[in-house]
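Undergrad: Structure in structure tokens, see below.
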Amino acid sequence: MTLLMIPVLVIVMMLLGRNQAGAAQILSSIPVALILLLFIFASAWHMKIGMQVVIEDYVHNEKLKLISVMLNNFFSIAVALASTYAILKLSSGV
């Protein structure tokens, strides 16, 4: 994840001050889309694991813990899928 931070920061800096057409042009590049997709997957995984540790440490009711972990997994997957869809849509130019 740390290695992805520099390219993602460069991409974000390239997007600053651009209009929608300019941003779409930058994001339509395959290497940029690939970097962003890798960053999305790494971030979603990191978010899932971090929240799961918090849930396991601080939720003492086993039933509530199980439900919370399941909802955490669902939320992490939903965020990753929605972000992936957005990047793929932008990178395809549609």
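Undergrad: If only one of V79, V54 is over 16 Å from the mean Cα position of the chain (by Cα) and of a type in the set (V, I, T), which one is it?
TA: Result of the check over V79, V54: V54.
Undergrad: Looking at the structure I just gave you, is K63 of a type in the set (K, R), out of contact with any strand residue (DSSP E or B) (no Cβ under 9 Å at 6 or more places or on another chain) and without any contact (Cβ under 8 Å) to a residue 24 or more places away in the chain?
TA: yes
Undergrad: To continue, here is another question. Can you tell which of A23, A78, A42, A82 is at pLDDT below 95 and out of contact with any Phe, Trp or Tyr (no Cβ under 6 Å at 6 or more places or on another chain)?
TA: Within the list A23, A78, A42, A82, the selection yields A23.
Undergrad: Within the stretch 45-94, count every residue that is surrounded by fewer than 13 Cβ atoms within 10 Å (Cβ to Cβ) and among the hydroxyl-bearing types (S, T, Y).
TA: 3
The values are calculated or read from the model by the stated rules, or taken from the named source; none is laboratory data. On a predicted model such as this, the values are computed, not experimentally measured, just so you know. Neighbour counts are summed over all protein chains in view; Cβ atoms, including those assigned to glycine, are modelled from backbone coordinates with ideal geometry.
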